[in-house]
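*Asks:* To start, I am sharing the structure in question, which I have written as structure tokens.
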Amino acid sequence: MTEINKIGVIGAGQMGSGIAQVCAVAGIDIALNDVSEERINAGLATLGGNLTRLVERKQLDEATRAAAMARITPALDFEAFRDCDLVIEVASENEEIKRKIFTKVCPTLRPDCMLATNTSSISITRLASVTDRPERFIGIHFMNPVPRMQLVEIIRGIATDDATFEASKKFVARLGKTATVSEDFPAFIVNRILLPMINEAIYTLYEGVGTVDAIDTAMRLGANHPMGPLQLADFIGLDTVPSVMQVLHEGLADSKYRPCPLLVKYVEAGWLGRKTQRGFYDYRSGTPIPTR
């Protein structure tokens with residue numbers, strides 16, 4: 001079984017920097033990569049700010065913060081992954097992009113290096129097929145935001161061997177998180193349940209059953225959800241929601257998974273939620289204001 005002491009992370013956005021953060025705090029060395037040095041630096045700045053806030057809240061001591069930051073190095077290209085035990089791809093939820101990344105990264109890895117994807121919906125078996133190591137390929141799906149969320153989904157492809165599976169479970173446990181194992185079906189467990197609920201909430205808005213505020217209030221207070229489904233959609237990113245729904249729609253051939261036309265309209269308008277300051281809420285004033 002591979003002992004995971006250094007990992008490469010491909011993608012320094014919110015998810016990638018979060019994964020790098022929890023791994024570094026757990027004592028694992030990180031090589032953090034993205035398409036440009038500017039994006040890597042932005043990810044490092046976000047990560048550093050998160051750790052500093054944890055120190056200010058007395059949830060982390062200064063020595064642990066400094067040690068974690070020292071374990072993370074920028075990886076300007078995939079050559080930096082040559083001594084990694086595990087490489088995790090955390091690119092956008094687009095199968096073509098992911099396939100290109102795996103094709104390009106494989107020649108730089110040790111033969112025994114494990115390769116993982118953080119995909120939230122795409123077939124692990126299909127992604128593994130473009131690599132030179134399908135038996136050492138696995139889905140390790142972290143939840144967002146990574147430092148706060150306890151769950152990690154582990155998904156085996158049809159070719160994933162037992163050693164890779166066991167090493168992945170051990171890795172997740174080392175991070176202090178809880179693993180749940182999913183079969184390789186579209187959207188796995190969490191998003192198979194969560195995203196259709198969000199899509200249905202958008203249909204509820206689209207059909208005029210309730211306003212943004214009414215729908216979110218109903219689910220917060222009526223179902224005891226920590227945030228309403230439309231607020232959650234804004235947090236996830238309104239472009240990610242239809243991507244996952246499309247995988248479900250195509251993979252399961254059921255019309256109930258069709259992305260709501262209103263969701264598609266928001267995405268076409270560039271209203272993608274918090275990351276663009278507009279979605280089902282307008283965040284530009286600093287106070288979220290419902291847009292419907």
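*Asks:* Tell me yes or no: at least one residue of segment 211-232 is in contact (Cβ under 8 Å) with a residue 12 or more places away in the chain and under 27 Å from D184 (Cα atoms).
*Replies:* So far as segment 211-232 goes, yes, one or more of its residues are in contact (Cβ under 8 Å) with a residue 12 or more places away in the chain and under 27 Å from D184 (Cα atoms).
*Asks:* Is it the case, given these coordinates, that I97 is buried (at least 16 other Cβ atoms within 10 Å of the Cβ) and among the aliphatic types (A, V, I, L, M)?
*Replies:* no
*Asks:* What tally of residues in segment 170-189 results from selecting those that are assigned to a helix (DSSP H, G or I) and crowded, with 16+ Cβ neighbours inside 10 Å? Can you show your working first?
*Replies:* Initial filter on segment 170-189 (assigned to a helix (DSSP H, G or I)): 170-174.
Now narrow it down to the ones that are crowded, with 16+ Cβ neighbours inside 10 Å: 171-172.
Here the count works out to 2.
*Asks:* Would you say G208 is at pLDDT below 95 and not polar (S, T, N, Q)? Outline the logic, then answer.
*Replies:* Working: at pLDDT below 95: no; not polar (S, T, N, Q): yes.
Against the criterion (at pLDDT below 95 and not polar (S, T, N, Q)), G208 does not qualify.
*Asks:* Can you tell which of L60, L47, L51 is part of a loop (DSSP other than H, G, I, E, B) and assigned by TED's automatic domain parsing to the domain that holds L151?
*Replies:* Details: L47 fails: part of a loop (DSSP other than H, G, I, E, B); L51 fails: part of a loop (DSSP other than H, G, I, E, B).
Just one listed residue meets the conditions, L60.
*Asks:* Just to be sure, is V209 in the same structural domain as R99 (by TED's automatic domain parsing) and either among the small types (G, A, S) or out of contact with any Lys or Arg (no Cβ under 9 Å at 6 or more places or on another chain) (or both)?
*Replies:* On the way: in the same structural domain as R99 (by TED's automatic domain parsing): no; either among the small types (G, A, S) or out of contact with any Lys or Arg (no Cβ under 9 Å at 6 or more places or on another chain) (or both): yes.
Answer is no for this residue.
*Asks:* Oh, and also: Given A31, A20, A70, A128, which one is in the same structural domain as M149 (by TED's automatic domain parsing), under 19 Å from P145 (Cβ atoms) and at pLDDT 95 or above? Before the answer, list the steps.
*Replies:* Values: A31 fails: under 19 Å from P145 (Cβ atoms); A70 fails: under 19 Å from P145 (Cβ atoms); A128 fails: under 19 Å from P145 (Cβ atoms).
Among A31, A20, A70, A128, only A20 is in the same structural domain as M149 (by TED's automatic domain parsing), under 19 Å from P145 (Cβ atoms) and at pLDDT 95 or above.
*Asks:* Further question: Report whether or not L115 is buried (at least 19 other Cβ atoms within 10 Å of the Cβ), in contact with a helix residue (DSSP H, G or I) (Cβ under 9 Å, 6 or more places away or on another chain) and outside the structural domain of M245 (by TED's automatic domain parsing).
*Replies:* Criteria met by L115.
*Asks:* Suppose we keep only residues that are in contact with a helix residue (DSSP H, G or I) (Cβ under 6 Å, 6 or more places away or on another chain) and of a type in the set (V, I, T) within segment 203-248. Which one would you say is surrounded by the most Cβ atoms within 10 Å (Cβ to Cβ)?
*Replies:* V241
*Asks:* Can you name every residue in segment 134-155 that is in contact with a strand residue (DSSP E or B) (Cβ under 6 Å, 6 or more places away or on another chain) and either crowded, with 16+ Cβ neighbours inside 10 Å or modelled with pLDDT under 95 (or both)?
*Replies:* If the condition is that a residue be in contact with a strand residue (DSSP E or B) (Cβ under 6 Å, 6 or more places away or on another chain) and either crowded, with 16+ Cβ neighbours inside 10 Å or modelled with pLDDT under 95 (or both), then R136, F137, I138, G139, I140, H141, F142, M143, V152, E153, I154, I155 are the ones that fit.
*Asks:* From the list G251, G270, pick out the single residue that is small (G, A, S) and either assigned to a loop (DSSP other than H, G, I, E, B) or in contact with a helix residue (DSSP H, G or I) (Cβ under 8 Å, 6 or more places away or on another chain) (or both).
*Replies:* G270
*Asks:* Any idea which residue in segment 1-34 is surrounded by the most Cβ atoms within 10 Å (Cβ to Cβ), counting only those that are more than 22 Å from V55 (Cβ to Cβ) and charged (D, E, K, R)?
*Replies:* D34
*Asks:* Among the residues of segment 75-117, which ones are aliphatic (A, V, I, L, M) and more than 19 Å from the chain's Cα centre (by Cα)?
*Replies:* Selection gives A75, L76, A80, V105, L109.
*Asks:* Considering only residues that are buried (at least 17 other Cβ atoms within 10 Å of the Cβ) and under 27 Å from V35 (Cβ atoms), look in segment 51-68 and name the one that is nearest to the chain's Cα centre (by Cα).
*Replies:* Selected residue: L51.
The values are calculated or read from the model by the stated rules, or taken from the named source; none is laboratory data. What you are looking at is a predicted structure, and each value in this text was computed from that prediction instead of being measured. Here Cβ is always computed from backbone atoms with ideal geometry, including for glycine, and neighbour counts include all displayed protein chains.
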